[in-house]
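Below is a structure I'd like to ask you about.
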Amino acid sequence: MPEGFCLGCHGKCCTEFTVYLTHLDIRRLSSCLGLAPSSFTGLYEVVPRHEHPVINLSAGEVRIGLRRENGGCCLLEDREGALRCGVHEHKPMECRIYPYGLDIYGRLNHLANYMCPLDVHPKDEAESREIVKEIRQQKEELREYSEVVRRFNDLPEERRQDIDDFLRYSVRRRSLLWTIRRRLNRSPGNLHDRMGLP
């Protein structure tokens with residue numbers, strides 16, 4: 001996002017939207033804040049036509065996002081009468097890339113006037129490339145999160161009692177994926193050899 005982009009705003013997207021999180025967002029925020037995920041996450045009913053993966057708990061289907069309080073995101077701070085993100089450097093990827101997306105050709109697209117009162121564009125090509133890079137990272141993290149959620153949802157119901165079960169599972173799953181990727185990148189030989197496949 002261009003430097004200073006949000007300075008002309010008063011937290012409109014932070015008060016109007018629910019920010020859904022991935023396991024990586026939760027991990028980054030928990031580390032940055034030094035807090036347990038339960039202090040900043042909330043569970044939300046499933047809203048139709050939204051891409052974020054649905055977690056199937058024994059009590060029902062939910063999505064996990066930043067907790068909302070006082071009419072906005074729980075991480076929103078009042079700084080001299082202006083609403084600002086309290087974790088700007090560590091904010092979730094969904095927030096980091098807003099209000100941008102990629103068009104069908106993979107080019108940067110400003111989602112004009114959709115809840116964002118400013119029409120600010122990247123100042124140069126380098127800034128555009130950085131935003132595109134973050135959008136691609138967000139898409140990759142969402143793909144990984146979708147797989148984590150799918151595998152969690154396949155567990156027996158007694159292992160899917162509450163959101164803490166999901167959080168424990170997703171942290172372990174991420175650690176396992178990271179270890180496997182690190183080994184694959186460091187090992188000689190082709191992919192089949194590295195994975196021990198025939």
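Report, by chain and number, residues whose modeled amide H sits under 5 Å from the one on residue 116, excluding near sequence neighbours (fewer than 5 apart, same chain).
For residue 116, no residues qualify.
Can you check what the net charge comes to around residue 33, using other residues whose Cβ is under 13 Å from the Cβ of residue 33 (Lys, Arg +1; Asp, Glu -1)?
Charge balance near residue 33 sits at +1.
I need the phi-derived Karplus couplings for segment 72-80: 6.51 cos²θ - 1.76 cosθ + 1.60, θ = phi - 60°, integer Hz, Gly and Pro marked x.
x, 5, 5, 9, 6, 10, 8, 10, 6
Quick one: which of 74-80, 62-68 comes out on top by average Cβ neighbours within 10 Å, and what's the full order, highest first?
62-68, 74-80
Amide H neighbours of residue 86 under 5 Å, at least 5 residues apart or on other chains, H built in the peptide plane: list them.
Long-range HN contacts for residue 86: 76, 77.
Find the eigenvalues of the gyration tensor of the Cα atoms of segment 50-148, then list the square roots of 5 times those eigenvalues as equivalent ellipsoid semi-axes, largest first, in whole angstrom.
Rounded to whole Å, the semi-axes are 25, 22, 12.
Each value in this text was obtained by applying a stated rule to the coordinates, not by laboratory testing. Model, not experiment: these values are computed from the prediction. For neighbour counting, all protein chains shown are included, and Cβ atoms are generated from backbone atoms with ideal geometry for every residue, glycine included.
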